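What follows is a set of notes on a single structure, which appears directly below.
The values are calculated or read from the model by the stated rules, or taken from the named source; none is laboratory data. Since the structure is predicted, the reported quantities are computational estimates derived from the model, not experimental observations. Backbone-built Cβ (ideal geometry, glycine too); neighbour counts: all protein chains shown.
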Amino acid sequence: MTTMPEQAAGAAAVVRLTTVRARPGAYWELQAAAQANAADAVVATGCLSAEACQGSAEDEVVVVSRWRTARDLEAFLAWHESAAHQGLAPYAAEPPHSQHLRVSGPEVTLSD
């Protein structure tokens with residue numbers, strides 16, 4: 001079992017959703033690789049939270065991370081994205097799909 005560090009509190013400016021489907025019989029290995037990626041994210045500068053979740057399909061894993069600024073997310077991805085995808089690849093049926101969602105609301109401003 002992976003122990004996740006305590007997550008920072010605060011308003012997020014960007015939420016990243018990464019969805020990936022497991023190869024047949026490799027769901028739990030994919031979930032473990034996704035949890036390792038989330039653990040790397042949550043200790044990065046500007047990451048407010050990161051979790052690996054079961055998606056809407058039983059073979060789907062979704063990693064949800066919340067970021068203080070778009071720049072924080074971009075800096076993390078410059079360092080980590082290639083390694084993260086390599087860690088998922090042996091268990092994934094296809095490449096991960098990621099989207100970045102800007103959070104809207106009166107308290108949130110992007111600082112980039």
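Numerical summary
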read-out	value
Residue count, the range 78-100 (criterion: surrounded by 16 or more Cβ atoms within 10 Å (Cβ to Cβ) and more than 10 Å from the chain's Cα centre (by Cα))	6
In the range 1-35, the residues that are of a type in the set (G, A, S) and either at pLDDT 95 or above or within 9 Å of the chain's Cα centre (by Cα) (or both)	A22, G25, A26, A32, A33, A34
Filter result (of a type in the set (D, E, K, R) and surrounded by 16 or more Cβ atoms within 10 Å (Cβ to Cβ)) within the range 48-73	E51, D59, E60, R66, R68, R71, D72
Pairs where the first residue, in the range 70-93, is among the hydroxyl-bearing types (S, T, Y) and the second is not in a helix (DSSP H, G or I), C-beta under 8 Å, 6+ apart	Y91/A22; Y91/R23; Y91/A26
Condition check for R66: outside any helix (DSSP H, G or I), among the charged types (D, E, K, R) and within 11 Å of the chain's Cα centre (by Cα)	yes
Single match in A36, A57, A89, A44 (criterion: more than 24 Å from R102 (Cβ to Cβ), assigned to a loop (DSSP other than H, G, I, E, B) and not aromatic (F, W, Y))	A57
Residue match in the range 101-109 (condition: hydrophobic (A, V, I, L, M, F, W, C) and either surrounded by 18 or more Cβ atoms within 10 Å (Cβ to Cβ) or under 13 Å from the mean Cα position of the chain (by Cα) (or both))	yes
